[in-house]
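Worksheet: one structure, shown below.
The values are calculated or read from the model by the stated rules, or taken from the named source; none is laboratory data. In this text the structure is predicted, and so the values were computed from the model without any measurement. Because the Cβ atoms are built from the backbone with ideal geometry, glycine has one as well, and the counts that use them run over all protein chains shown. Each accessible area value is taken on the protein alone, full model and side chains, heavy atoms only, with ligands, DNA and RNA left out. Shrake-Rupley method; radii C 1.70, N 1.55, O 1.52, S 1.80 Å.
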Amino acid sequence: MTVNDVAEAPVAAGPAGPARWERACLVSDLFPERGAAALFGDVQVALFRLPDDAAYGGHAGRVHAVQNLDPFSGAHVMSRGIVGTRAGEPTVAAPVYKQVFSLVTGVCLVAADKTPKDGLPADLVTYPVEVRGDVIYVGLP
Amino acid sequence: MVNSGTPQHLVVVGGGMVAQRLVEALRARDDAGRYRVTVFAEEPRAPYDRVGLTRWFEEGPEGIALGDPDLWADPLVTLHTDRRIESIDRTAKTVTDRLGHVHPYDELVLATGSSAAMPPIPGNDLPGVFVYRTIDDVAALRGWVEEKRRCHPAGKPVRGAVIGGGLLGLEAAGALTALDAQATVIEFGTHLMGVQVDLGGGQALKRLINGKGIGVRAETATSQMRPHRRTGHVGRLDFADGGRLDVDVVVVATGVRPRDELGRAAGLPVGERGGVVVDLSCRTEDPNIWAVGEVACIEGRCLGLVAPGNTMAEVVVDRLLGGQAEFPGADTATKLKLSGVDVASFGDAHARTQDAVEVVWADPVAGVYKKLVLSDDARTLLGGVFVGDAAPYASLRPMLGAELPGDDPSAFLLPEGGGAAPGLELPDEANVCSCNNVSAGTIRGAVTEHQCTDVPGVKACTRAGTTCGACLPLVKKLVDTELERAGIEVSTALCEHFEMSRAQLFDAVRVADLHSFSDIVARFGTGSAGNRGCDICKPVVASILASLGNGHILAGEQSTLQDTNDHMLANLQKDGTYSVVPRMPGGEVTPEGLIVVGEVARDFGLYTKITGGQRIDMFGARVEQLPDIWRRLVDAGFESGHAYGKSLRTVKSCVGSTWCRYGVQDSVGMAVELELRYRGLRSPHKLKLGVSGCARECAEARGKDVGVIATDKGWNVYVGGNGGQTPRHARLLAEDLTSEELIRTIDRFLMYYVRTADRLQRTAPWIEEVDGGLEGVREVIMEDSLGICADLDAAMARHVENYEDEWKAVLEDPEKLRRFSSFVNAPKDADPSLAYVTERGQRRPATQAERAAGVVIAGPKLEVRA
């Protein structure tokens, strides 16, 4: 496994890093190229495991985490979107109104003539992910 | 308001096609609102396409709808139907309607058209003698034929005769045939369509008409119509030559007479053979009264065709708005609109021009006759006649009066493939659509200046081809040429990942025998680097793979291609929960079944609603609840209803002959059979079917992609209907099929659609795009014109054989079940953001305001007895 490998167990990072690392699941709990939601208190995170496919370039085999809240529908459903690429960038499409977001940066790439609900930002929050052995950790603020 | 004063009042007397054109043209050009228009129609309906009257049998009222119905909603336009005008007072400038109401006018247009002429043959007033002019005439004719058939001993045909072998007479004969009646055309002259076609063409036409099962008696004068001894209805025609013909119905189509009675009574001059006399500006002797269409006597004659009528309407509008337009002379080109019979003529069809040269190509065996009339130097095109093959008509007619390219004009008449006709480059001023007076230049301009990139766009922009449609092949050619010239390639690419259309990709995947997205994108995707598809192409590939039989849609890599609905086998709702719809084939459900559905909904706290497809939808199910819900339903004998898929949804039915007093076939039984046959069939878009047990059509089958309506003899099948944003009525594909024939026909229709339609294209637009439209579809699936029917049949047989319930398959597979957890680290925890309130005894998602106000009655964990 070469996914987001780190040599050491996650530790509290520097001032700009996450405040805490939470264990989410095993890598094998995630279906490649499909998302899954994880719950940390009240925070819902959508996890995506990209397959070992050359088309994903440097992201092949990696795990990405973004907010599960879909800003355009207000429902917590981002983990159920279709994973793919836009001009080589790994993406996820919101399952409700089909906006497309970068899985790497969270930026909304296609708004599909909609505006986010209740003044929510259009871009998704991304979370750092670290994989140690077979365990996926998500860094939370 | 742009204008300063009150608008002038324009009154139009008559509600036919030309009246409609006049109002359209005025509203399109009168930006300043100088006129308000009131139209008085004698018929109890808005203007319709009288030229297409025969279509009314096949397609009903919408088959002959005309123009944009919004025209009559325009605040400056008023349409009074069933309101005949009785008199004109030119001094007071008023008209009086049949109710005695008086309406003042500033300008008055007579567009009263014609009435069918009734020759003074004794017996012409007998019951069973009809004319062929209005929807009411056609409806009465149909009622009569159906009544006669009911009274006849079984198997004995209804015998019809049409007096008059002109354009209208042949259309009437076609209508009788469409009603399953025998038809014999009686023509006084030497041959059919004597006005438009010469003798040689008339003879070829007779063979074609005979081939449609219609009899022809030329050079025959009808001396008397005799009543049947017992019924008193028309029963026999006696001819001047001593011949006789037994009949049950007679249609008289010997010509039309201008409805000039209002003009006469108002003292306006009328022509020798009737018609209100107008000058080239279409103005009568009275400077405020105009006449257009068949009632106008222009250049000494009345013109019984819609194209010159439309031109007159445009002239009057131009004049009303201060222009100087003049009637340019009549384009009397005609094309017979009878299915399977190609006849067209234009210009000097009878070669009456001095020293005209005729070039004729005839194939008596095939019933083809083509003739060009040319100037004495055999270069300038003066006219043409086409029988049996009207293909050259569309491109040659606009060349009327122009010099033909090439040395040998006969090249234009050779059958396709028998030698290429020289390329025709139409001059910009050539009139392509004579109904709407659209030139080749206007069509080119629609592409080059108005950025139209397809025929529907050009139709909407220029109105070319929107009336009779005869010019559409030429319009398409012009549009294609212009697009090519402009270097515009119309992209049919699915998305950035595939340059192919769905239909192309379907064939490619089938032929290359590929079974996974990875293989498909590697082989047919755009450059493999950085291409892993998207939310557009992945569901398309998923649908293709499913249609080609690749096992469960959640098997292996296929699961990554599915939209959330297909992935969760349920329908995503706005709050992120799903709705669940068990199949109820044909809308049939047992009391025990209903109780189980009720119990499941109650135990999981689901909101229930009856769907439009005659089943029950249960809302508010969370991902982690879905397998438990399915298990309860599956145990009770239910299965997935595929409400989530681009696939067969439901087959709606009425109760049919098993209970209904009027039903003639077992519509529920057929609906159940069809639903069980096509359940799970993945398609480019959702598919809905309907089956009605009689012509009352309680299942609204004609609003479905495939609608089946029972007849005494079997089933009629209609295709291409849908509701939604652009509602469409299904059109007749085939009649009186046996149950086996019906199923085979639907098998092929659906499979052909599944294989060749575009992404998210429903059946109605797909049919429009198939080469030849509905007729083209019929040829492919009924006559096997492409030789693919065996393949389509086999594909459907495979589908039926391999069907499995997608819910049950998930319940039996722990690996698939694993997908149905709410959180990967808390698989059974409900989404904490869900909130509900109660409304009318059931729960629904709380609004933002309700959440803020704290009126939420329950979080996600409402369930009582899971």
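Summary of values
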| item | result |
| --- | --- |
| Condition check for B:LEU760: within 14 Å of chain A (Cβ to nearest Cβ) and either in contact (Cβ under 8 Å) with a residue 60 or more places away in the chain or among the β-branched types (Val, Ile, Thr) (or both) | yes |
| Within the range B:138-159, considering residues that are basic (Lys, Arg) and not in a loop (DSSP other than H, G, I, E, B), the one most open to solvent (accessible area, probe 1.4 Å) | B:ARG150 |
| Residues of the range B:53-90 satisfying the condition of being assigned to a loop (DSSP other than H, G, I, E, B), within 13 Å of B:GLY15 (Cα to Cα) and either of a type outside the set (S, T, N, Q) or open to solvent by 60 Å² or more (accessible area, probe 1.4 Å) (or both) | B:LEU66, B:ASP82, B:ARG83, B:ARG84 |
| Condition broken by B:CYS433, with the remaining ones in (1) surrounded by fewer than 23 Cβ atoms within 10 Å (Cβ to Cβ); (2) at pLDDT below 85 satisfied | (1) |
| Residues being closer than 25 Å to B:MET568 by Cβ and out of contact with any strand residue (DSSP E or B) (no Cβ under 8 Å at 6 or more places or on another chain) - total across the range A:113-141 | 3 |
| Check on B:ARG98, within 19 Å of B:GLU43 (Cβ to Cβ), of a type outside the set (Val, Ile, Thr) and surrounded by 16 or more Cβ atoms within 10 Å (Cβ to Cβ) | no |
| Positions within the range B:502-525 being more than 27 Å from A:PRO51 (Cβ to Cβ) and in contact with a Ser or Thr (Cβ under 7 Å, 6 or more places away or on another chain), in sequence order | B:ALA503 |
| Tabulated pairs, the range B:167-184, first outside the structural domain of B:ARG50 (by TED's automatic domain parsing), second in a helix (DSSP H, G or I) and among the acidic types (Asp, Glu), C-beta under 9 angstrom, 6+ apart or interchain | B:ALA178/B:GLU58; B:LEU179/B:GLU146 |
| Residue, farthest from the chain's Cα centre (by Cα), within the range A:83-94, restricted to residues that are more than 12 Å from B:CYS495 (Cβ to Cβ) and open to solvent by 10 Å² or more (accessible area, probe 1.4 Å) | A:GLY88 |
| Looking only at the range B:549-607, and only at residues there that are of a type in the set (D, E, K, R) and farther than 23 Å from B:LEU676 by Cβ, the one that is surrounded by the most Cβ atoms within 10 Å (Cβ to Cβ) | B:ASP575 |
| Subset of the range B:513-531 that is over 40 Å from the mean Cα position of the chain (by Cα) and part of a loop (DSSP other than H, G, I, E, B) - its residue that is farthest from the other protein chains (Cβ to nearest Cβ) | B:GLY527 |
| Which numbered condition B:VAL432 misses (of (1) more than 13 Å from B:THR481 (Cα to Cα); (2) in a loop (DSSP other than H, G, I, E, B)) | (2) |
| Within the range B:243-274, tally of residues that are of a type outside the set (Lys, Arg) and within 35 Å of the chain's Cα centre (by Cα) | 12 |
| All helices (runs of 4 or more DSSP H) inside the range B:768-866 with 2 or more residues being in contact with a helix residue (DSSP H, G or I) (Cβ under 7 Å, 6 or more places away or on another chain) and either at pLDDT 90 or above or not assigned by TED's automatic domain parsing to the domain that holds B:LEU548 (or both) | B:773-782, B:789-802, B:806-811, B:814-817 |
| A:GLN44 being open to solvent by 10 Å² or more (accessible area, probe 1.4 Å), at pLDDT 95 or above and facing chain B (nearest Cβ under 10 Å) | yes |
| Hits in the range B:545-595 (condition: within 23 Å of B:VAL511 (Cα to Cα), more than 14 Å from chain A (Cβ to nearest Cβ) and part of a helix (DSSP H, G or I)) | B:LEU545, B:ALA546, B:SER547 |
| Selection within the range A:56-76 - at the interface with chain B (Cβ under 7 Å from one of its Cβ atoms), touching a strand residue (DSSP E or B) at 6+ places or on another chain (Cβ under 7 Å) and open to solvent by less than 10 Å² (accessible area, probe 1.4 Å) | A:TYR56 |
| Residues (among the β-branched types (Val, Ile, Thr) and either open to solvent by 50 Å² or more (accessible area, probe 1.4 Å) or touching a Cys at 6+ places or on another chain (Cβ under 6 Å) (or both)) located in the range B:178-200 | B:THR190, B:VAL195 |
| Flag if B:ARG778 is of a type outside the set (A, V, I, L, M) and within 14 Å of chain A (Cβ to nearest Cβ) | no |
| Some residue of the range B:537-544 being within 8 Å of chain A (Cβ to nearest Cβ) and either under 27 Å from A:GLN44 (Cβ atoms) or more than 32 Å from the chain's Cα centre (by Cα) (or both) | yes |
| First in the range B:436-448 and within 9 Å of B:GLU482 (Cβ to Cβ), second anywhere and open to solvent by 30 Å² or more (accessible area, probe 1.4 Å) and of a type in the set (D, E, K, R), Cβ under 8 Å, 6 or more apart | B:ARG444/B:ASP428 |
| Residue satisfying condition, being within 11 Å of chain B (Cβ to nearest Cβ), under 29 Å from B:ALA830 (Cβ atoms) and part of a loop (DSSP other than H, G, I, E, B), within set A:VAL92, A:VAL96, A:VAL83 | A:VAL96 |
| Evaluation of B:VAL651 against (1) modelled with pLDDT under 95; (2) closer than 17 Å to B:GLY693 by Cα (one fails), failing number | (1) |
| Of all residues in the range A:97-130 being over 18 Å from A:LEU47 (Cα atoms) and hydroxyl-bearing (Ser, Thr, Tyr), the one that is modelled with the lowest pLDDT | A:THR115 |
| Number of positions in the range A:99-118 that are at the interface with chain B (Cβ under 8 Å from one of its Cβ atoms) and in a strand (DSSP E or B) | 1 |
| Lone qualifier among B:ALA671, B:ALA695 - being open to solvent by less than 10 Å² (accessible area, probe 1.4 Å) and under 20 Å from B:LEU732 (Cβ atoms) | B:ALA671 |
| Failed condition for B:ALA790, given (1) of a type outside the set (D, E, K, R); (2) touching a residue at least 40 places away in the same chain (Cβ under 8 Å); (3) open to solvent by 60 Å² or more (accessible area, probe 1.4 Å) | (2) |
| Lone unmet requirement of (1) of a type outside the set (A, V, I, L, M); (2) without any contact (Cβ under 8 Å) to a residue 40 or more places away in the chain; (3) in contact with a Pro (Cβ under 9 Å, 6 or more places away or on another chain); (4) not in a strand (DSSP E or B) for B:GLU294 | (2) |
